[in-house]
1. Within the range 244-263, is even one residue closer than 30 Å to Asp168 by Cα and either under 23 Å from the mean Cα position of the chain (by Cα) or of a type in the set (D, E, K, R) (or both)?
2. Would you tally the residues in the range 108-130 being touching a residue at least 24 places away in the same chain (Cβ under 8 Å) and either in contact with a strand residue (DSSP E or B) (Cβ under 6 Å, 6 or more places away or on another chain) or not assigned by TED's automatic domain parsing to the domain that holds Arg178 (or both)?
3. Identify all residues within the range 245-275 that are within 20 Å of Cys131 (Cβ to Cβ), open to solvent by less than 60 Å² (accessible area, probe 1.4 Å) and either away from the ligand (no atom under 12 Å from the Cβ) or among the small types (Gly, Ala, Ser) (or both); write none if there are none.
4. Select, from Gly105, Gly90, Gly110, the only residue that is surrounded by fewer than 18 Cβ atoms within 10 Å (Cβ to Cβ) and within 19 Å of Leu190 (Cα to Cα).
5. In the range 189-210, is there at least one residue being without any contact (Cβ under 8 Å) to a residue 40 or more places away in the chain and touching a Pro at 6+ places or on another chain (Cβ under 7 Å)?
6. In this structure, does Glu193 turn out to be within 24 Å of His107 (Cα to Cα) and either open to solvent by 60 Å² or more (accessible area, probe 1.4 Å) or not assigned by TED's automatic domain parsing to the domain that holds Gly161 (or both)?
7. Are there any pairs with C-beta distances below 9 angstrom linking a residue in the range 268-290 that is more than 25 Å from Gly240 (Cβ to Cβ) and among the aromatic types (Phe, Trp, Tyr) to a residue that is open to solvent by 90 Å² or more (accessible area, probe 1.4 Å) and more than 16 Å from the ligand (Cβ to nearest atom), with the two at least 6 apart or on different chains, and if so which?
Amino acid sequence: MTRTGKSQRLSQHLAEPFAEIHPSDARQYGISDADILRISTAHGEVLLRALVTPRQQHGSIFVPMHWTDQFAAKARVDALVAPVTDPVSGQPASKNAPARMERFGAHAFGFAVLAERPTAIDADYWALARCAGGWRVELALEVDRDWTGFAATLFGHVETGETLAYHDTANGQHRFARFFGERLIGALYLAREPVAVSRGWAVEQLSATHADRRMRLAVVAGRPGGNQADRGATVCSCFGVGANQIAQAVQGGCASVEAIGAALQAGTNCGSCRAEIKGIIDARRLQAAE
Ligand code: FES
């Protein structure tokens, strides 16, 4: 995400506000990766996705400052700090503040892709980001809802077209996909746990044609059908390369960041993804060794 939120390519990389915490803090507070965190100070609170990583030091929480009320329900970091500014430069004192964190008790998690920007999102936690062909939304809600009505509102009450739905009420899974002609208008996935649908693949469905019923059912199922491939989460935003593509290249013999760059271009422009590429190479090597 950038401050303006206008770049769809950059929005894909980390498409929601997050809080980095150390694994030992996560264990102590009963927090799992991808949970929603409520972080509060004497001044206010925010809701953010938990990113559990040893990169963060024990006892500290890192929160990015780029999120505004236009793109997230409650993620403005300035809500957490005292309204104090430097008398000369006007720079806010937003570098640090004592804070507490707790797990947000979500009844349901959701993920949606939409052809049009939604006019309103009625959820406790939401984060909106541009993507190729439209918008993507991450959701978490504290209480149960009429999910059919919720999907209709999110999709924009389009009267024409076809909506396909799947409900597993026992397991709290609900999925909706709305089509107009051969085009996907919106898809919504809801679950009791953080939704496991591949974001990259779901986003691609907004630009794909869906004349085939099997393809429409694959969208409802939330996984590639037939010979569709899943590139995985975007690692290199400069060249749109996903984690699965990098993992496949490692399996095919690419054993260094340079080799990945030669094969996929990933890591050969700004270089900010090189550490993540190295992490994937190391993880695949470890897996192979085991
Ligand atoms: S993100 Fe810039 S080179 Fe990969």
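1. Yes, the range 244-263 contains at least one residue that is closer than 30 Å to Asp168 by Cα and either under 23 Å from the mean Cα position of the chain (by Cα) or of a type in the set (D, E, K, R) (or both).
2. 15
3. Selection gives Gln245, Ala266.
4. The conditions single out Gly105.
5. The answer is yes, given that some residue of the range 189-210 is without any contact (Cβ under 8 Å) to a residue 40 or more places away in the chain and touching a Pro at 6+ places or on another chain (Cβ under 7 Å).
6. yes
7. Short answer, once both residue conditions are applied: none.
To keep it simple, each residue is scored yes or no on (1) open to solvent by 50 Å² or more (accessible area, probe 1.4 Å); (2) over 16 Å from the mean Cα position of the chain (by Cα); (3) among the charged types (D, E, K, R).
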site: Ala132; (1), (2), (3): no, no, no
site: Asp144; (1), (2), (3): yes, yes, yes
site: His174; (1), (2), (3): no, yes, no
site: Ala177; (1), (2), (3): no, yes, no
site: Thr209; (1), (2), (3): yes, yes, no
site: Leu217; (1), (2), (3): yes, yes, no
site: Gly222; (1), (2), (3): no, no, no
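The values are calculated or read from the model by the stated rules, or taken from the named source; none is laboratory data. All values reported here derive from a predicted model rather than from experimental measurement. Using ideal geometry, Cβ is built from the backbone for each residue, glycine included, and neighbour counts are taken over all protein chains shown. These accessible areas exclude ligands, DNA and RNA; they are computed on the full protein's heavy atoms, side chains included. Shrake-Rupley method; radii C 1.70, N 1.55, O 1.52, S 1.80 Å.
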